[in-house]
1. So which residues in region B:175-213 are among the charged types (D, E, K, R) and in contact (Cβ under 8 Å) with a residue 60 or more places away in the chain?
2. Quick one: would you say A:GLU113 is within 19 Å of B:LEU264 (Cα to Cα), modelled with pLDDT of 95 or more and acidic (Asp, Glu)?
3. Return the residues of region A:123-152 that are within 22 Å of A:ASN83 (Cα to Cα), assigned to a loop (DSSP other than H, G, I, E, B) and touching a His at 6+ places or on another chain (Cβ under 9 Å); say none if nothing qualifies.
4. Going through A:LEU243, A:LEU205 one at a time, which residue ends up being away from chain B (no Cβ under 14 Å) and either at pLDDT 90 or above or surrounded by fewer than 18 Cβ atoms within 10 Å (Cβ to Cβ) (or both)?
5. Looking at (1) buried (at least 20 other Cβ atoms within 10 Å of the Cβ); (2) in contact with a Cys (Cβ under 9 Å, 6 or more places away or on another chain); (3) hydrophobic (A, V, I, L, M, F, W, C); (4) more than 7 Å from chain A (Cβ to nearest Cβ), which one does B:VAL279 not meet, given that it meets all the others?
6. Assess whether B:ALA265 counts as being free of Cβ contacts under 8 Å to residues at least 24 places away in the same chain and farther than 25 Å from A:PHE221 by Cβ.
7. Give, as residue ranges, the helices (runs of 4 or more DSSP H) completely inside region A:452-557 that count at least 3 residues that are out of contact with any strand residue (DSSP E or B) (no Cβ under 6 Å at 6 or more places or on another chain) and modelled with pLDDT of 85 or more.
8. Which of the residues belonging to region B:298-339 are touching a strand residue (DSSP E or B) at 6+ places or on another chain (Cβ under 8 Å) and modelled with pLDDT under 85?
Protein chains: 2
Amino acid sequence: MASSFRVCKRGLRVRGTGGFLKGLQGSHTCLRRGVVTEAQALANRGKDDDHGPGDQEGFEAVQQERLAQAERSVLISCHSKTNEKRFLKYLSLHGDIQNSFFYDSYGTYAVVEFASPESVASLHKAVSIPAVNHESLVPFKSRLLSLRSLGAADRPTGQTGPQCRPQTAVPMNELIQTLSQEETIDQQVTCLTAAFQLTEENTRLRFLVCSLLRDIAASYFPECNVRPFGSSVNGFGKLGCDLDMFLDLDGISGRSLKMPNAGLALEYQMKRCNSERAVTQSILSVVGECVDRFGPGCVGVQKILNARCPLVRVAMKTSELLHLYGRLDGRVRGLVFAVRCWARAHAITSSVPGAWITNFSLTVMVLFFLQRRPAPVIPTLDHLHSLAGPADKSVIEGNDCTFVSDLSRITLQDNTETLEQLLRGFFDFYGSFQFGRMSISIRKGTEQNKPEVAPLHIQNPFETSLNVSKNVNGTQLDRFVALCQDAAWHLEQSAAGAPSAPPPQRGADTAPAPWGLAALLLPSQTAGVKGRRKQKRELASVRLKGLLESLKKNNNR
Amino acid sequence: MASSFRVCKRGLRVRGTGGFLKGLQGSHTCLRRGVVTEAQALANRGKDDDHGPGDQEGFEAVQQERLAQAERSVLISCHSKTNEKRFLKYLSLHGDIQNSFFYDSYGTYAVVEFASPESVASLHKAVSIPAVNHESLVPFKSRLLSLRSLGAADRPTGQTGPQCRPQTAVPMNELIQTLSQEETIDQQVTCLTAAFQLTEENTRLRFLVCSLLRDIAASYFPECNVRPFGSSVNGFGKLGCDLDMFLDLDGISGRSLKMPNAGLALEYQMKRCNSERAVTQSILSVVGECVDRFGPGCVGVQKILNARCPLVRVAMKTSELLHLYGRLDGRVRGLVFAVRCWARAHAITSSVPGAWITNFSLTVMVLFFLQRRPAPVIPTLDHLHSLAGPADKSVIEGNDCTFVSDLSRITLQDNTETLEQLLRGFFDFYGSFQFGRMSISIRKGTEQNKPEVAPLHIQNPFETSLNVSKNVNGTQLDRFVALCQDAAWHLEQSAAGAPSAPPPQRGADTAPAPWGLAALLLPSQTAGVKGRRKQKRELASVRLKGLLESLKKNNNR
């Protein structure tokens, strides 16, 4: 049954340069596809049936609910001074509104979720095709709408428009200023997490994008589904991160029809391809063409059909696992956000593919570190596996992806370390880790002997024979280690009341000097791996210089 | 109202290299699109409402009925030995079958038309997705199906399979043999027409292709229509001729919604393009991508989006006009088929674009010739215009396309010429036509002074400022004239009992020597324009040689 799983390894990158995709600013959209056989699908259905109502809060149930919300939602381009109350009253002519918010992204947009899907159908009947001069329209009707205010009396006046929810992370320099105003490193980590994590609204936008793309794919494959995976749903996504999507064709009927043993039977004539890859390419090519040609504000859709994608259903389970770890203890997400933000500031990670450490690798390293504390903050994956019930069983193409989904079955150890202690611990841990010999495995929660010669070896949690960080070269690993050592050194100084500690008295309107986590995010001067001492001196001098300048400002006032 | 018509001038050429498009062997499919405004659409609707039940046989009504037939039809790939009776009995489980036929095209296919569209929906529920090994399928469900016979008892045995209807024209050499067996030139023309004209089944296949493409376009534009025009419907189509199609987006709702004068209103966000052309390109690009990626047996779809197309709604009216002329007198179609076949045999026309005379030009030339007989066989377009009723009124972007649709209003003159006389008359007429000075106009039915310097000037019947044969160069026109003179000379000889007249006594199993129309179709030796006399001598010697050879055969028996 397990080996019957078949998978796509190709993706489509849809990059929006305007319009609704801009709501996920700087993001791109990676569509992937997996196909399981009927047997696997049946097994999954069986599993779902076992879920009691108490599991409603489970990962899968939440995903389904969000998809359903998205299907009842429309996205409306508005005037920045739109009268929110009148706007919502106008829309509620079509049915009760369950949720709505505004956001700003090269224009003001509203996402409106109706209580019932029928309201969307009712709304469609009242929407007109714009009358345009000197231009022509592609009359493709979607749930992307525009509001028009007609007549002088209804024009937006000087009143303030609706409050817009931010959909982008604050710039690094602003973040550094904000963090510097906090009083403890724990507060800084919490503040950073709050500033960077996906908001409820941004998550809704992501599911809406999935839903809109599903509409396109469902024109030809009515039973298909488009679901997000990866950082959009694993609890560790940052505002502006990629939206990975998964085109699910399992629901297509007609696979399960039994051929009679004798007599006549009819089959669909269908195009044959050499591989699932080729099938995926075909479908994503049409979807991409459609988005590019019909999608308002979507131009320059790139079809990257050759990119390697992971086993996508395993990737879905990985998202669920990370989500669970994030929910077990509030410090997990804080530490991951802090480490990832620090790594980005020092170009340890990058938005372009290369020999860099990825955010996923970093996240697994944080989880491993938390498992290695004297009193572990989180349990090992093997332990989560041992707690699993029958309904949790999941084997995907030979990979055992089983782990407990019911959080109440998990007993945590008593670890009371602060985020500051953990952050320093992380840098200490990896500043002196035996990368040359040892492999990182959150399944075992202990260092393993490296099975291969890659500079950095992080075992894939479910596809255990794979190295998550196979791409990382020695230079990048050395940089990471050196920067960990620097960060550890800095946090020690900070704890010992060194210059970068918070100035005891600050003027209310003066920007405080970066300290603690904020100081860790200051641009690094280390292009490569320099001598440890020289580097430390340089870093310290930069910090001193910054402090002097801020003091100078204070004197000048 | 008239000037509000907007049109596409781009097309998509879809060339099938297998599967269902092969049913239109050697054909290609040209999609074009036109858009009229609401006012025009309303005017058309008004027109339809005026049609009484007596107009049911009208061109438009027939087209609509054929489209409806096609939507109730499925195409099923069968075994060549399929038991037709059992096959139809099996299908009739889903509802009454109105019509069915088989044809052969790299495999045996059946077209089955149900009495009700619900039967197709019922059938879909019983159709399965094929189980394949070593290959993958694009799970796109269409009305292209395959029949499977299961179990030994049901395998096709040695019995004869269903009778297949031919979908291709007979090869020229076979046709020449067949024609040579006829006893009069009139019989030859009738025989040629019967062999070349579109069959009922081929017409059904063409509408089925439109309907299948409509399914694809309707996934995104539910109210759209795909209709054939040109030779597929004008009564002059030859088996294997191009299928020109027209993507009609007029029906799309939301254009007519009235914006309120005040308050709020919603519009669709739609992609804007610089021109209708660009819109058409977008839509056809997606449709083409879909056919290419999903269509079983469709590979190598070429998107020819830059080709110039005529005003497509005018082209529809032209199809209707030609259809009317063809119905007025049986000799019209006979003469057109004979002339076009002769022209093809001598490479006056060609399947590739160039400086050649087109079939459409030739058809207009035949019509003009028939209007110019001492007793005209058909009336002028101006006369048909004068007979039009209010419901016939049609002005398309300033072009008056009005003509009578009710045949009973047309009184024909008493012309009793035979097809032989008319054929000879055609060649005489154009062998000595004043092409240098005069223009051909079926609107006036008399030669007009040429308004421009093109070698051949044939006035477009509806877009009267345009020259249908603008592409034709002097060399091609000279060849045409020379070949007309040759054909006229040959037919005179034939009428005078010259060697190419039918041999008075033939053995029943002996291939008779080509004579009359058959002899006109023999390959021409004239590559360019040669001296008239020399050419005639050569042609005569070729014919004599052929006759001698056939006599030799007779002697050898």
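1. B:GLU182, B:GLU183, B:ASP186, B:GLU201, B:ARG204, B:ARG206
2. Numbers: within 19 Å of B:LEU264 (Cα to Cα): yes; modelled with pLDDT of 95 or more: yes; acidic (Asp, Glu): yes.
Taking the combined requirement at face value, the residue satisfies it.
3. Of everything in region A:123-152, just one residue is within 22 Å of A:ASN83 (Cα to Cα), assigned to a loop (DSSP other than H, G, I, E, B) and touching a His at 6+ places or on another chain (Cβ under 9 Å), namely A:ARG143.
4. Details: A:LEU243 fails: either at pLDDT 90 or above or surrounded by fewer than 18 Cβ atoms within 10 Å (Cβ to Cβ) (or both).
Only one candidate qualifies: A:LEU205.
5. Unmet for B:VAL279, out of (1) buried (at least 20 other Cβ atoms within 10 Å of the Cβ); (2) in contact with a Cys (Cβ under 9 Å, 6 or more places away or on another chain); (3) hydrophobic (A, V, I, L, M, F, W, C); (4) more than 7 Å from chain A (Cβ to nearest Cβ): (4).
6. yes
7. Details: elements: A:474-495, A:516-520, A:532-556.
Of the helices (runs of 4 or more DSSP H) lying wholly inside region A:452-557, those with at least 3 residues that are out of contact with any strand residue (DSSP E or B) (no Cβ under 6 Å at 6 or more places or on another chain) and modelled with pLDDT of 85 or more span A:474-495, A:516-520.
8. B:CYS298, B:VAL301, B:GLN302, B:LYS303, B:ILE304, B:LEU305, B:ALA307, B:CYS309, B:LEU311, B:VAL312, B:ARG313
The values are calculated or read from the model by the stated rules, or taken from the named source; none is laboratory data. All values derive from a computational prediction rather than experimental measurement. Here Cβ is always computed from backbone atoms with ideal geometry, including for glycine, and neighbour counts include all displayed protein chains.
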